[in-house]
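Since the structure comes first, as structure tokens, the remarks are kept for the end.
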Amino acid sequence: QNLAGVSTFYVVASADSTDIMREGDVLQGIEKLQRYMEAKPSIDKATSMVNIIQLWHQALSADHPDSFKVPASQRDLDAAVFLTIDQEEPRIRAHYVVEDYSSLAVFARSQLVSTTELSETIADVENYARDVLPPFVDVQATGTVVIFAKMIDAVITGQRDSLLLAFGLIFVIMSILFRSMRVGLISMISNIVPIFVIFG
């Protein structure tokens, strides 16, 4: 009940300029994105550098529950980033953000095993991220399961297209050979049945 899913992926937000991921509107957008992701039944947990900032802000606010959020002022946010993320060891900080703060990652754990559902979830998350983040921030999901899902979709699409092409060519050849479209359609039965048996 309490363990997160084993399927993991990253939602990477990046920009062309440095220090963008320290800006309040960007981190508040990431905060909204994480809440949106965790509200989905298919995603168990979403973490990023925002969680560390939220904990820092709550600790300085006498652990008040309503203070578990990104500070509203840029000054407080700069202090939070400096005292938490900047002070971390490079290898630890690298899990959350690149050194020049031009890109950060949201790490997500999911229980999805269906590549179709995973692709739909990722597309939905990417679209929402583009809505809540500034237009100059590019968002893209990545990770092993994302690449695997895209690979499976490509294989399925390739098989579908090749089968349709094969059916079309067989129909044309048989119709020309017997000079009858009716015979061409009948000849398709012996080709369709094995496909249903194999892929059924």
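The values are calculated or read from the model by the stated rules, or taken from the named source; none is laboratory data. Everything numeric in this text was worked out from a predicted model, so none of it was measured. Note: ideal-geometry Cβ built from the backbone for every residue, glycine included; neighbour counts use all protein chains shown. Side chains included, ligands, DNA and RNA excluded: accessible areas come from the protein's heavy atoms. Shrake-Rupley method; radii C 1.70, N 1.55, O 1.52, S 1.80 Å.
Compute the FRET efficiency between Q74 and V98 as 1/(1 + (r/R0)^6), taking r as their Cβ-Cβ distance and R0 = 25 Å, and round to the nearest 0.05.
Values: r = 20 Å, r/R0 = 0.81.
Once rounded, the FRET efficiency stands at 0.75.
Can you order the peptides 80-90, 184-194 by their average number of other Cβ atoms within 10 Å per residue, highest first?
Descending packing order for the listed peptides: 80-90, 184-194.
Pairing the Cα long axis of helix 115-132 with the longest principal axis of the chain, what angle in degrees results, from 0 to 90 and rounded to the nearest 10?
Roughly 40 degrees between the two axes.
Quick check: residue separation of T157 and I176 times 0.36 nm, minus the Cα distance between them. What number comes out in nm?
4.0 nm
For region 1-81, what is the accessible area per residue in Å² when the probe is 1.4 Å?
Value returned for region 1-81: 53 Å² of accessible area per residue.
How tilted is helix 189-199 with respect to the longest principal axis of the chain? Cα atoms for both, answer in degrees (0 to 90, nearest 10).
30 degrees
Gain in length, L55 to R35, computed as 0.36 nm per residue apart minus the alpha-carbon separation, to one decimal in nm? Let's see the in-between values first.
On the way: separation 20, 0.36 × 20 = 7.20 nm, distance 1.52 nm.
Gain on stretching L55 to R35: 5.7 nm.
Can you bin region 1-67 into rounded, prolate or oblate? Criterion: square roots of the alpha carbon gyration tensor eigenvalues sorted a ≥ b ≥ c, rounded for a/c under 1.5, prolate for a/b above b/c, oblate for the rest.
Numbers: a/c = 2.26, a/b = 1.10, b/c = 2.06.
In terms of gyration-tensor shape, oblate.
Considering only protein heavy atoms, what is the solvent-accessible area of R160 at a probe of 1.4 Å, reported in Å² to the nearest 10?
We get 130 Å² for R160.
Between L164 and D66, what is the label-point separation in nm under the 7 Å Cα-to-beta-carbon projection?
For D66 paired with L164, the spin-label model returns 5.7 nm.
Express the accessible area of region 135-200 per residue in Å², computed with a 1.4 Å probe while the remaining protein chains stay in the model. Don't skip to the answer; put the middle values down first.
On the way: 4990 Å² over 66 residues.
Averaged over the residues of region 135-200, the accessible area is 76 Å².
Provide Rg over Rh for region 83-200; use the alpha carbon set for both Rg and the Kirkwood Rh (inverse mean inverse pair distance). Could the numbers behind the result be given before it?
On the way: Rg = 24.5 Å, Rh = 19.0 Å.
Ratio value, two decimals: 1.29.
With all protein chains present, how much of the accessible area of the chain (probe radius 1.4 Å) comes from carbon and sulfur, to the nearest whole percent? Mind dumping the intermediate values first?
On the way: 7310 of 12270 Å².
Carbon with sulfur: 60 percent of the solvent-accessible area.
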